[in-house]
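Okay, so here's the structure we're looking at.
The values are calculated or read from the model by the stated rules, or taken from the named source; none is laboratory data. Computed from a predicted model, the values in this text were never measured in an experiment. FYI the Cβ positions are ideal-geometry reconstructions off the backbone, even for glycines, and counts take in every protein chain you see.
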Amino acid sequence: MAYDPNNVFAKILRGEVPAHKVFEDDATLAFMDIMPQTRGHTLVIPKAEAENIFDLSPEMLTATILTTRKVAAAVRAAFEPEGMMIGQLNGAMAGQTVFHLHFHIIPRYEPGGFRFHGKPAEDPDLLADHAAAIRAHLDS
Ligand code: AMP
């Protein structure tokens, strides 16, 4: 399937859709998931037209996973979860719903009951607070 430049993450990159941003550099952007699975659920995307992990150059993939680790460390410092899931879905059959490559950073506070989808949209004010808490650990 060809990359669709009108997917919602492409629109976030172009500034056409708002996002609670936590980190940005030349190659990557991190922002809060609007339907978080857990408190602090954050997404990291490359600034490249890649639908999935197979479409991205090694250099951009390296930048994306390094940003993922950096932001995950800040999420861990901000929320002190018991564990941390980092995941990435390729294709609708795997559960992918937004067709711009992204890594999920999902803090885990308790065992069991995990699904990638199905939560309602979170209060934007709470997401803004969470983004600020994570940014505080990236700035320090
Ligand atoms: P996936 O199923 O791996 O493609 O994950 C897509 C993720 O994007 C889901 O966790 C959604 O909650 C999240 N999502 C969808 N639209 C937005 C948006 N506008 N801003 C932030 N996260 C979003």
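Scanning the stretch 17-60 for residues that are among the aromatic types (Phe, Trp, Tyr) and more than 12 Å from the ligand (Cβ to nearest atom) yields a count of 2. Among the residues examined, Leu43 does not qualify as out of contact with any Cys (no Cβ under 6 Å at 6 or more places or on another chain), part of a loop (DSSP other than H, G, I, E, B), at pLDDT 95 or above and not small (Gly, Ala, Ser). Counting residues in the stretch 87-95 that are within 14 Å of the ligand (Cβ to nearest atom), within 23 Å of Pro18 (Cβ to Cβ) and buried (at least 17 other Cβ atoms within 10 Å of the Cβ) gives zero. Taken over the stretch 1-16, the residue count meeting the criterion of being surrounded by fewer than 12 Cβ atoms within 10 Å (Cβ to Cβ) and either within 11 Å of the ligand (Cβ to nearest atom) or assigned to a strand (DSSP E or B) (or both) is 1. The number of residues in the stretch 1-34 that are under 17 Å from Val75 (Cα atoms), among the acidic types (Asp, Glu) and out of contact with any strand residue (DSSP E or B) (no Cβ under 6 Å at 6 or more places or on another chain) comes to 1. Would you confirm, using the coordinates I've provided, whether Leu66 is in a strand (DSSP E or B), within 30 Å of Pro111 (Cα to Cα) and either at pLDDT 95 or above or near the ligand (Cβ under 10 Å from one of its atoms) (or both)? The answer is no for Leu66.
Evaluated against (1) in contact with a Leu (Cβ under 7 Å, 6 or more places away or on another chain); (2) surrounded by 18 or more Cβ atoms within 10 Å (Cβ to Cβ); (3) under 19 Å from Gly91 (Cβ atoms), Ile53 falls short on exactly one condition, (2). Is it true that Pro81 is under 18 Å from Ala133 (Cβ atoms), in a loop (DSSP other than H, G, I, E, B) and either more than 9 Å from the ligand (Cβ to nearest atom) or among the basic types (Lys, Arg) (or both)? Judged against the criteria, Pro81 is a match.
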